[in-house]
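Asker: Dropping a structure here in structure tokens format, bear with me for questions.
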Amino acid sequence: MEKLAIELNKLLDGTIAANLLSELGKNYYFPKGIVAQSAEAKKYAKRYNATVGMAYREGSPMHLASIKQFVPDLKNDEIFSYAPTAGVLEFRKLWKEEIISKNPSLNGKGTSLPVVVSGLTHGIVTIADLFIDPGDTVVIPDMFWGNYRLIFEVRKKAKIVTFPFFNSSGRLNTAALEETLTSTVKGKKIMLVLNFPNNPTGYSPTVEEAEDLVEILKKAASNGKEVIVITDDAYFGLFYEDETYKESIFAKLADLHDNILAVKVDGATKENLVWGFRIGFITFAGKSLTEEQYDALVQKTMGAVRSSVSSSSKIAQSLLIRAMKNSSYNEEKQSAFSILKERYLTVKEMVKDFESNTLVSPLPFNSGYFMTFSVKKRKAEDLRRYLLMNRGIGTISVGTDYLRVAYSSIDKKDLKDLYREILKASEKI
């Protein structure tokens, strides 16, 4: 094992983070190679800097004018240079400020400085590299984003254990989660993935459900389970009902118990409507972790990033910095939220037409981009194919029993027609 990795492991020794690290995670470190030496040279090489593999002309990155013409307001360095491995420092600080602003429960609690990753998928993969060994258990609800299976089972050879997302009353099934954590899962180490608003259902917990969830995790930790909780906050902030818990569960877990390591994976992708920018963040929190230990976790994360994508898009980070410092930033985001909430309210009314339908029924939804139908007596794929081939309508079948509709992608004026078509199609197949 490299000396730098050994030093980082010593810093983390005795913490929940050290206990949870995978063998790969234990071996990760950020090398003092080209990137680190280039960063040092940037500070002290006042005459000539012959470190980084970039082409310069008179102190500025060389570039094609045919590209620069489309972003004239950005400096050359903001567009064409490599970003630091952990992301542009100003951007990381801005995002941490925004996390705390949107999650007031974090005030006074310690967290790491967010690390920039190339989208939320890369963020989850990076955390899996750091903390999952073959055979480890990953707990997720049975309604989950299909890419989790590729990440955890195919890439990491872990075992996914699911629990029913909804109970018989159409509420978050916290009792099933408790049963899974305490009885179904064997061994001490557990990774739990919580995705709110949920993809594919579009459901987020109520305030009461969030409190129950947190108490269950605290109880499991108190009983000796060592839990890493990934809050996949891809659709964070899109909460449309008053009773919905408006913060990330990460905020409640940040200092909940010494046996819990909370990891927030979020990003600009949906929050700032920049899907193709591929910019996400990883933020750590754990009770009793020190600033030095957070830095050790960041250094290991940087090693994972360095060995995968090296660094994330510089121009995307530069554009987002400019946007976040713009006086109209919050107003623009609120405007986008209002449009999506109007679509949600329209769909909420339209699904009432399905109440007497014996073949298709909507699952509970209150947030995010999606809602999902439970398809009975027929396969969801049959309904999807009929809508696509006969009505020119695209939807997503999830397993054999569910049909996901992304109402976020449909203008409000077209939603009534869309749901009428789904209703008619369900009666025909």
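The values are calculated or read from the model by the stated rules, or taken from the named source; none is laboratory data. The shown structure was predicted, so the numbers you read here are calculated from the model rather than taken from an experiment. Positions of Cβ are backbone-derived with ideal geometry, glycine not excepted, and every protein chain shown enters the neighbour counts.
Asker: Going by the conditions given, is ALA17 out of contact with any Leu (no Cβ under 6 Å at 6 or more places or on another chain) and small (Gly, Ala, Ser)? Don't jump to the end; show me each part of the working.
Answerer: Values: out of contact with any Leu (no Cβ under 6 Å at 6 or more places or on another chain): no; small (Gly, Ala, Ser): yes.
Here the answer is no, as ALA17 does not meet what is asked.
Asker: Do the conditions hold for ALA323, that is, is it out of contact with any strand residue (DSSP E or B) (no Cβ under 9 Å at 6 or more places or on another chain), closer than 20 Å to LEU273 by Cβ and modelled with pLDDT of 95 or more? Spell out the reasoning first.
Answerer: On the way: out of contact with any strand residue (DSSP E or B) (no Cβ under 9 Å at 6 or more places or on another chain): yes; closer than 20 Å to LEU273 by Cβ: yes; modelled with pLDDT of 95 or more: yes.
Yes, satisfied.
Asker: Output the number of the condition that GLY187 fails; it satisfies all remaining conditions of (1) assigned to a loop (DSSP other than H, G, I, E, B); (2) under 16 Å from the mean Cα position of the chain (by Cα); (3) over 24 Å from TYR344 (Cβ atoms).
Answerer: It fails just one condition, (2).
Asker: Next question, about the same structure. Tell me which residues, restricted to region 215-236, are outside any helix (DSSP H, G or I) and buried (at least 20 other Cβ atoms within 10 Å of the Cβ). Write out each step before concluding.
Answerer: Residues of region 215-236 outside any helix (DSSP H, G or I): 223-236.
LYS225, VAL227, ILE228, VAL229, ILE230, THR231, ASP232, ASP233, ALA234, TYR235, PHE236 - these are the residues of region 215-236 that are outside any helix (DSSP H, G or I) and buried (at least 20 other Cβ atoms within 10 Å of the Cβ).
Asker: Among the residues of region 374-386, are any touching a Phe, Trp or Tyr at 6+ places or on another chain (Cβ under 6 Å), under 30 Å from PHE91 (Cα atoms), outside the structural domain of SER101 (by TED's automatic domain parsing) and surrounded by 16 or more Cβ atoms within 10 Å (Cβ to Cβ)?
Answerer: Scanning region 374-386 turns up no residue that is touching a Phe, Trp or Tyr at 6+ places or on another chain (Cβ under 6 Å), under 30 Å from PHE91 (Cα atoms), outside the structural domain of SER101 (by TED's automatic domain parsing) and surrounded by 16 or more Cβ atoms within 10 Å (Cβ to Cβ).
Asker: Related question: Would you mind stating whether PHE131 is assigned by TED's automatic domain parsing to the domain that holds GLY237, more than 22 Å from GLU247 (Cβ to Cβ) and touching a residue at least 12 places away in the same chain (Cβ under 8 Å)?
Answerer: Details: assigned by TED's automatic domain parsing to the domain that holds GLY237: yes; more than 22 Å from GLU247 (Cβ to Cβ): yes; touching a residue at least 12 places away in the same chain (Cβ under 8 Å): yes.
It is true that PHE131 is assigned by TED's automatic domain parsing to the domain that holds GLY237, more than 22 Å from GLU247 (Cβ to Cβ) and touching a residue at least 12 places away in the same chain (Cβ under 8 Å).
Asker: Okay, next question. Let me confirm something: among SER327, SER312, which residue is under 24 Å from LEU130 (Cβ atoms), assigned to a loop (DSSP other than H, G, I, E, B) and polar (S, T, N, Q)? Even if it seems obvious, please write down each step before you answer.
Answerer: Values: SER327 fails: under 24 Å from LEU130 (Cβ atoms).
Result of the check over SER327, SER312: SER312.
Asker: Could you tell me which of the residues ILE79, ILE100 is outside the structural domain of THR290 (by TED's automatic domain parsing) and outside any loop (DSSP other than H, G, I, E, B)? Quick ask: steps written out before the conclusion?
Answerer: Working: ILE100 fails: outside the structural domain of THR290 (by TED's automatic domain parsing).
Answer to the selection: ILE79.
Asker: Quick check on region 34-84: of everything there that is aliphatic (A, V, I, L, M) and at pLDDT below 85, which residue is farthest from VAL305 (Cα to Cα)? Explain how you work it out, then say what you get.
Answerer: First, the residues of region 34-84 that are aliphatic (A, V, I, L, M): 34-36, 39, 41, 45, 50, 52, 54-55, 62, 64-65, 67, 71, 74, 79, 83.
Restricting the remaining residues to those that are at pLDDT below 85 gives 34-36, 39, 41, 45, 50, 52.
Details: ILE34: 15, VAL35: 12, ALA36: 14, ALA39: 16, ALA41: 21, ALA45: 26, ALA50: 24, VAL52: 18 Å.
Within region 34-84, the match that is farthest from VAL305 (Cα to Cα) is ALA45.
Asker: Right, another one. Output the number of the condition that GLY187 fails; it satisfies all remaining conditions of (1) on the phi < 0 side of the Ramachandran plot; (2) touching a strand residue (DSSP E or B) at 6+ places or on another chain (Cβ under 8 Å); (3) touching a residue at least 24 places away in the same chain (Cβ under 8 Å).
Answerer: Unmet for GLY187, out of (1) on the phi < 0 side of the Ramachandran plot; (2) touching a strand residue (DSSP E or B) at 6+ places or on another chain (Cβ under 8 Å); (3) touching a residue at least 24 places away in the same chain (Cβ under 8 Å): (1).
Asker: Hey, another quick one. Out of LYS252, LYS300, LYS352, I need the residue that is more than 29 Å from LEU74 (Cα to Cα), assigned to a helix (DSSP H, G or I), without any contact (Cβ under 8 Å) to a residue 40 or more places away in the chain and not hydrophobic (A, V, I, L, M, F, W, C). Which one?
Answerer: On the way: LYS252 fails: without any contact (Cβ under 8 Å) to a residue 40 or more places away in the chain; LYS300 fails: without any contact (Cβ under 8 Å) to a residue 40 or more places away in the chain.
Every option except LYS352 fails the conditions.
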